[in-house]
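Chemist: Dropping a structure here in structure tokens format, bear with me for questions.
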Amino acid sequence: MKIVVPIKFVPDLVEELTIDPSGVALDTAWLRLIINEFDDHAVEQAILLKERGGGQVIVSTVEADGSDDFLFTAAAKGADQLIKMTGDFTGVNNHALARAYAELLKELKPDLVLTGVQAHNDLDGSVGPLLAEYLGMPYVGYVAGITLADGSVIARKEYPGGLIAEIDVKLPAVLGIQASEQPPRYVAYSKIRQVMGTAKIEERPNADLNLDGGVSISRMFQPEAAERAEMIDGDADTVAEKIVAIIKEAGVL
Amino acid sequence: MSQNIFVFIEHVRGQVAEISYVMLAAARQLAQNTGGEVAAVLLGHNAQDLGKDFAADRVLYIEHAALAEFTSDAYRVALAALIQDQTPRAVLFGHSSIGMDVSSGLSAKLGYPVVSSCRSFTEDGKYVSQICGGKIMVEGDIPSPTALITMLPGGYKAEQGKSSQAPSVTSVAAPALDGLRVTLKQYIEPEAGDVDIAKETMLVSVGRGIQNKDNIELAGELASALGGSVCASRPVVDQGWLPTTRLVGKSGKLVKPKIYLALGISGAPEHVEGMSESDVIIAVNTDPNAPIFNVAKYGTTVDMFDLLPALTDKVRQAR
Ligand SMILES: Cc1cc2nc3c(=O)[nH]c(=O)nc-3n(C[C@H](O)[C@H](O)[C@H](O)COP(=O)(O)OP(=O)(O)OC[C@H]3O[C@@H](n4cnc5c(N)ncnc54)[C@H](O)[C@@H]3O)c2cc1C
Ligand SMILES: Nc1ncnc2c1ncn2[C@@H]1O[C@H](COP(=O)(O)O)[C@@H](O)[C@H]1O
């Protein structure tokens, strides 16, 4: 079983986001990038499958601040091969990215591709199902659990309210991971350091990206709330008192 | 090419999903702008009756045993044939477990752009999408000639997508559906919980800001002092700090308590979807720009670890 996990970096939402002077894009100067959290789950799920049924896990990302660290961390968790797509990917749409990845995957010939279910900054669809279409593979997303079967996998797909659909998906396939069966494991930094000495990141240059398929933006802005919360100021005691008063007023206390 | 707006109806086990009605309401607004019709696209097996309460000009119904329940392969093939044949101005999909399984693939297959996370349309027919966990909005022209759009809830009321007059049903022949690679084995019901958070009047909800499993106890003490229960955002459940039965939001439960106290929750749209109808929302978040303050009635940027002991104390005194 050969499993490929493509990794995306996204703006950290804990930081303040600002819009650049063009008015149609985020200001990248102050942007802190972090791994799309669903990708952490995808890596974990891939490694769980390998531990259960054997095989090979390949983790791949486009060049970004922190991409090497992430790849080495994945290796420390058990990934066998690390690939970095180099080139300028800033502001590249998901259709273009998926096409670039499809070229890579045609060479790697995986049985299973695990992407994150989505990223919070998508505007032109998601890479997982785009990739599946370009590769002629089936796609199932919102997956939280995978069991290997003969020539296929049983994916547990989430529906609202906690309903699960058990779905048989013929391999090769692309699955969009919502959550791994176990929380993503933690690896000690000492172990990552060790891996850095031995693991190798393969670089794969990407020169001419075909940018078709993107969506045009005429304005980007921060939401103006119709009714913003009434803010309670003061120290913890003052705030606590006010909250107790609000709860009493609602008749719950 | 037509000016019609198609709405891809989502249904599971004979139940039409709420987002379908939201999309019918959105489609009406868009159709008024384009001058076309609203058509509900319904795929199923003996399912034409599901369309009875749709506020649509017509239902385009595709009947096939392989379409009885949603699976991405069969549905994608059937939708591709229909869209290619009828070339509507736009097709609305849920930005959801069902809609997202097929919309991007159809975009790649048919060469029609897909616009993600659309929440509403402007009067002059632009899309308005909500991204970055609710922190950023994006506006733009709907791509021509045909656009696929995935829709979030929140911009339109489901009620507006319902009608007491059943629309006419036009049957459309299903294409050949063989060699399918995705099949539904079975549904698994959600496990029954210790408490049903959907029925609680007082909820203390914890998010990633709670930091670790041990700290859940702090929220638990407050909840029991208040006579309520603890619930959570997705990361808390994914970390295994609370069971799935306590999850609020898109993939969890829809709750409407009298008081919803959100501790260390940013207010991502997927969370807000499950709690925005609470009577009074109180948000505690150290980030003054957190989107949760756009849905909360009251807010504070006090650190929750400073607030929790003080609040639990004061609640006990107030009893
Ligand atoms: C398909 C899909 C379905 C999803 N379904 C759901 C769902 O059903 N329910 C759900 O909740 N999410 C769901 N999500 C996830 C959702 O997108 C968000 O990632 C999630 O809601 C974020 O949880 P959070 O607010 O707890 O964490 P974060 O976004 O990380 O926010 C943590 C917050 O805590 C604050 N904070 C940190 N420390 C403190 C402190 N000491 N005191 C006070 N505040 C503090 C921070 O300022 C921050 O705003 C879904 C996502 C997808 C893609
Ligand atoms: N730039 C990228 N590099 C590698 N993988 C990506 C990239 N963009 C998206 N993906 C994959 O697609 C998933 C969903 O992201 P998105 O398509 O942006 O919704 C991510 O979690 C990754 O698995």
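The values are calculated or read from the model by the stated rules, or taken from the named source; none is laboratory data. Since we're looking at a predicted model, the values are computed, not measured. Cβ coordinates were reconstructed from backbone atoms using ideal geometry, including for glycine residues, and neighbour counts include every protein chain displayed.
Chemist: Please count how many residues of the range A:138-153 are surrounded by fewer than 23 Cβ atoms within 10 Å (Cβ to Cβ), assigned to a loop (DSSP other than H, G, I, E, B) and touching a strand residue (DSSP E or B) at 6+ places or on another chain (Cβ under 6 Å).
Modeler: 0
Chemist: Would you kindly identify the helices (runs of 4 or more DSSP H) lying entirely within the range B:1-119 that contain at least 3 residues that are free of Cβ contacts under 8 Å to residues at least 60 places away in the same chain and touching a helix residue (DSSP H, G or I) at 6+ places or on another chain (Cβ under 8 Å)? Steps first, answer last, please.
Modeler: Numbers: elements: B:18-34, B:72-86, B:99-110.
Passing ranges, in order: B:72-86, B:99-110.
Chemist: Continuing with the same structure: Starting from the range B:263-274, keep only residues that are at positive phi, then list their pairs with residues that are more than 7 Å from ligand 1 (Cβ to nearest atom) and assigned to a loop (DSSP other than H, G, I, E, B) whose Cβ atoms are within a distance under 7 Å, requiring at least 6 positions of separation or different chains.
Modeler: Qualifying pairs under 7 Å: B:267/B:295.
Chemist: Considering only residues that are within 19 Å of residue B:294 (Cβ to Cβ) and touching a strand residue (DSSP E or B) at 6+ places or on another chain (Cβ under 6 Å), look in the range B:232-256 and name the one that is farthest from ligand 2 (Cβ to nearest atom).
Modeler: Here the answer is B:255.
Chemist: Among the candidates B:203, B:177, single out the residue that is in contact with an Asp or Glu (Cβ under 9 Å, 6 or more places away or on another chain) and within 14 Å of another protein chain (Cβ to nearest Cβ).
Modeler: Details: B:203 fails: in contact with an Asp or Glu (Cβ under 9 Å, 6 or more places away or on another chain).
When all the criteria are applied, what remains is B:177.
Chemist: Of all residues in the range A:148-201, count the ones that are of a type in the set (D, E, K, R), touching a residue at least 60 places away in the same chain (Cβ under 8 Å) and within 23 Å of residue A:83 (Cα to Cα).
Modeler: Narrowing the range A:148-201 to residues of a type in the set (D, E, K, R): A:150, A:156-158, A:166, A:168, A:170, A:181, A:185, A:191, A:193, A:200.
When the remaining residues are screened for being touching a residue at least 60 places away in the same chain (Cβ under 8 Å), the result is A:181, A:185, A:191, A:200.
Restricting the remaining residues to those that are within 23 Å of residue A:83 (Cα to Cα) gives A:185, A:191, A:200.
So the answer is 3.
Chemist: Moving on to the next point. Does the range A:213-226 hold any residues that are closer than 25 Å to residue B:303 by Cβ and exposed (fewer than 13 other Cβ atoms within 10 Å of the Cβ), and which are they?
Modeler: The answer is A:225, and nothing else.
Chemist: So residue B:286 clears everything in (1) more than 7 Å from chain A (Cβ to nearest Cβ); (2) under 15 Å from residue B:236 (Cβ atoms) except one condition, right? Which one?
Modeler: (2)
Chemist: What strands (runs of 3 or more DSSP E), lying completely within the range B:123-185, carry at least 1 residues that are under 18 Å from residue B:8 (Cβ atoms)? It would help to see each step written out before you state the result.
Modeler: Details: elements: B:126-131, B:136-141, B:147-151, B:168-172.
Counting at least 1 such residues, we get B:126-131, B:147-151, B:168-172.
Chemist: Could you go through the range B:222-234 and let me know if any residue there is free of Cβ contacts under 8 Å to residues at least 60 places away in the same chain, crowded, with 18+ Cβ neighbours inside 10 Å, of a type in the set (Ser, Thr, Tyr) and more than 26 Å from residue B:97 (Cα to Cα). Give the steps one after another, and end with the answer.
Modeler: So in the range B:222-234, the residues free of Cβ contacts under 8 Å to residues at least 60 places away in the same chain come out as B:223-224, B:227-234.
Now restrict to residues that are crowded, with 18+ Cβ neighbours inside 10 Å: B:223, B:228-234.
Retained after the next criterion (residues that are of a type in the set (Ser, Thr, Tyr)): B:229, B:233.
Next cut, more than 26 Å from residue B:97 (Cα to Cα) only: B:229.
So far as the range B:222-234 goes, yes, one or more of its residues are free of Cβ contacts under 8 Å to residues at least 60 places away in the same chain, crowded, with 18+ Cβ neighbours inside 10 Å, of a type in the set (Ser, Thr, Tyr) and more than 26 Å from residue B:97 (Cα to Cα).
Chemist: Take the range B:118-133 and flag every residue that is within 7 Å of chain A (Cβ to nearest Cβ) and on the phi > 0 side of the Ramachandran plot.
Modeler: Hits for the range B:118-133 are B:132, B:133.
Chemist: Return the total of residues in the range B:102-146 being farther than 23 Å from residue B:18 by Cβ and of a type outside the set (D, E, K, R).
Modeler: Filtering the range B:102-146 for residues farther than 23 Å from residue B:18 by Cβ gives B:105, B:107-113, B:122-126, B:132, B:135-136, B:138-146.
Among the residues that remain, those that are also of a type outside the set (D, E, K, R) are: B:105, B:107-108, B:110-113, B:122, B:125, B:132, B:136, B:138, B:140, B:142-146.
Residues in the range B:102-146 being farther than 23 Å from residue B:18 by Cβ and of a type outside the set (D, E, K, R): 18 in total.
Chemist: Another one. For the range B:230-240, which residues satisfy the criterion of being of a type outside the set (Ser, Thr, Tyr) and either in a strand (DSSP E or B) or within 11 Å of ligand 1 (Cβ to nearest atom) (or both)?
Modeler: Within the range B:230-240, B:230, B:231, B:232, B:234, B:235, B:236, B:237, B:238, B:239 qualify.
Chemist: Moving on. What's the total number of residues in the range A:1-53 that are free of Cβ contacts under 8 Å to residues at least 60 places away in the same chain, away from ligand 2 (no atom under 16 Å from the Cβ) and either under 12 Å from the mean Cα position of the chain (by Cα) or away from every other protein chain (no Cβ under 14 Å) (or both)?
Modeler: Matching residues across the range A:1-53 total 4.
Chemist: Which one is farthest from the other protein chains (Cβ to nearest Cβ), of the residues in the range A:84-102 that are of a type in the set (Gly, Ala, Ser) and more than 27 Å from residue A:158 (Cα to Cα)? Don't jump to the end; show me each part of the working.
Modeler: Taking the range A:84-102 first, the residues of a type in the set (Gly, Ala, Ser) are A:87, A:91, A:96, A:98, A:100, A:102.
From what's left, more than 27 Å from residue A:158 (Cα to Cα): A:87, A:91, A:96, A:100.
On the way: A:87: 21, A:91: 13, A:96: 11, A:100: 13 Å.
Per the criteria, the residue is A:87.
Conditions (1) among the aliphatic types (A, V, I, L, M); (2) away from ligand 2 (no atom under 16 Å from the Cβ); (3) farther than 30 Å from residue B:110 by Cβ; (4) at the interface with chain B (Cβ under 7 Å from one of its Cβ atoms), marked per residue:
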residue: A:174; (1), (2), (3), (4): yes, no, no, no
residue: A:181; (1), (2), (3), (4): no, yes, yes, no
residue: A:201; (1), (2), (3), (4): yes, no, yes, no
residue: A:216; (1), (2), (3), (4): no, yes, no, yes
residue: A:224; (1), (2), (3), (4): no, yes, yes, no
residue: A:233; (1), (2), (3), (4): no, yes, yes, no
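Chemist: Would you pick out the residues in the range B:235-258 that are facing chain A (nearest Cβ under 8 Å) and either of a type outside the set (Val, Ile, Thr) or surrounded by 24 or more Cβ atoms within 10 Å (Cβ to Cβ) (or both)?
Modeler: Kept after step one, since they are facing chain A (nearest Cβ under 8 Å), are these residues of the range B:235-258: B:235, B:238-240, B:244-245, B:247, B:250-254, B:258.
Scanning the range B:235-258 gives B:235, B:238, B:239, B:240, B:247, B:250, B:251, B:252, B:253, B:254, B:258.
Chemist: Restrict the check to the range A:103-119 and report whether at least one residue is within 11 Å of ligand 2 (Cβ to nearest atom), away from every other protein chain (no Cβ under 14 Å), more than 25 Å from residue B:101 (Cβ to Cβ) and outside any helix (DSSP H, G or I).
Modeler: Within the range A:103-119, none of the residues are within 11 Å of ligand 2 (Cβ to nearest atom), away from every other protein chain (no Cβ under 14 Å), more than 25 Å from residue B:101 (Cβ to Cβ) and outside any helix (DSSP H, G or I).
Chemist: Can residue A:72 be described as modelled with pLDDT of 95 or more, away from ligand 1 (no atom under 16 Å from the Cβ) and in contact with a strand residue (DSSP E or B) (Cβ under 8 Å, 6 or more places away or on another chain)?
Modeler: Yes, satisfied.
Chemist: Within the bounds of the range B:78-86, is there any residue that is over 20 Å from the mean Cα position of the chain (by Cα), more than 15 Å from ligand 1 (Cβ to nearest atom) and buried (at least 24 other Cβ atoms within 10 Å of the Cβ)?
Modeler: Step one: of the range B:78-86, the residues over 20 Å from the mean Cα position of the chain (by Cα) are B:78-86.
Next cut, more than 15 Å from ligand 1 (Cβ to nearest atom) only: B:78-86.
Cutting the leftovers down to buried (at least 24 other Cβ atoms within 10 Å of the Cβ) gives us B:79.
Scanning the range B:78-86 turns up at least one residue that is over 20 Å from the mean Cα position of the chain (by Cα), more than 15 Å from ligand 1 (Cβ to nearest atom) and buried (at least 24 other Cβ atoms within 10 Å of the Cβ).
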